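Have a look at the structure below before the remarks.
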Amino acid sequence: MYNLLIVDDEPRIVSGLYEQFLDWKPEELNVYRAYSPLEALAILTGSKMDIVLTDIHMPGMSGIELQQKIHERWPRCKVIFLTGYSDFDYIQSAMRNGGMDYILKVEGDEPILAAVGRAIER
């Protein structure tokens, strides 16, 4: 079993992805959800996550800052960024800091599922 944490400040995004992953591979994934980076850090303090799917632009702390904190505690955790921004600087920062993938929210569910599938394979 793999632990997947979904982090986004938009509750409908979190809820939709949560339901999608529960249906997708329930035998392989324990799915957790957080509605802010601080809530995500609280979950990460008590549970080891294998994969984190996070928004990159959130109030209080960016997804890139969250990624850095995740890697301090769980260096093998795969971080996938999900965002509405196609800004090259965000992409570059995310990937230079060890991000596994960067997916635009407008791309739909298939690229998200594929990215998590690749993370599971690794």
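The values are calculated or read from the model by the stated rules, or taken from the named source; none is laboratory data. Because the structure is a prediction, the values reported are computed rather than measured. Neighbour counts are summed over all protein chains in view; Cβ atoms, including those assigned to glycine, are modelled from backbone coordinates with ideal geometry. Remember, those area values only see protein heavy atoms, side chains included, never the ligands or the DNA or RNA. Shrake-Rupley method; radii C 1.70, N 1.55, O 1.52, S 1.80 Å.
Of the residues making up the stretch 5-16, those that are within 22 Å of residue 60 (Cα to Cα) and open to solvent by less than 70 Å² (accessible area, probe 1.4 Å) are 5, 6, 7, 8, 9, 10, 13, 14, 15. Screening the candidates 72, 19, 39 for the property of being loosely packed, with under 14 Cβ neighbours inside 10 Å and farther than 17 Å from residue 112 by Cα yields one hit, 72. Taking residues in the stretch 19-38 that are closer than 16 Å to residue 7 by Cα and touching a residue at least 24 places away in the same chain (Cβ under 8 Å), and partners anywhere that are open to solvent by 70 Å² or more (accessible area, probe 1.4 Å) and acidic (Asp, Glu), the pairs with Cβ atoms closer than 7 Å and at least 6 places apart or on different chains are 20/109.
Looking at the structure I just gave you, is residue 32 open to solvent by 30 Å² or more (accessible area, probe 1.4 Å) and at pLDDT 95 or above? It is true that residue 32 is open to solvent by 30 Å² or more (accessible area, probe 1.4 Å) and at pLDDT 95 or above.
Rundown of residues vs (1) among the polar types (S, T, N, Q); (2) in contact with a Cys (Cβ under 7 Å, 6 or more places away or on another chain); (3) farther than 17 Å from residue 104 by Cα, yes/no style:
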position: 6; (1), (2), (3): no, no, no
position: 12; (1), (2), (3): no, no, no
position: 22; (1), (2), (3): no, no, yes
position: 30; (1), (2), (3): yes, no, yes
position: 36; (1), (2), (3): yes, no, yes
position: 50; (1), (2), (3): no, yes, yes
position: 57; (1), (2), (3): no, no, no
position: 61; (1), (2), (3): no, no, yes
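For the stretch 1-16, the set of residues classified as without any contact (Cβ under 8 Å) to a residue 60 or more places away in the chain and part of a helix (DSSP H, G or I) consists of 11, 12, 14, 15, 16, listed by residue number.
Restricting attention to the stretch 42-58, the residues being in a loop (DSSP other than H, G, I, E, B), closer than 20 Å to residue 100 by Cα, open to solvent by less than 70 Å² (accessible area, probe 1.4 Å) and out of contact with any Leu (no Cβ under 6 Å at 6 or more places or on another chain) number 3. Figure legend. Inter-residue proximity from the stretch 40-67: first residues touching a residue at least 60 places away in the same chain (Cβ under 8 Å), second residues polar (S, T, N, Q), beta-carbon distance below 6 Å, spacing 6+ or different chains. Indicated pairs: 50/3. Once the stretch 17-29 is narrowed to residues that are in a helix (DSSP H, G or I) and acidic (Asp, Glu), the residue that is nearest to residue 56 (Cα to Cα) is 19.
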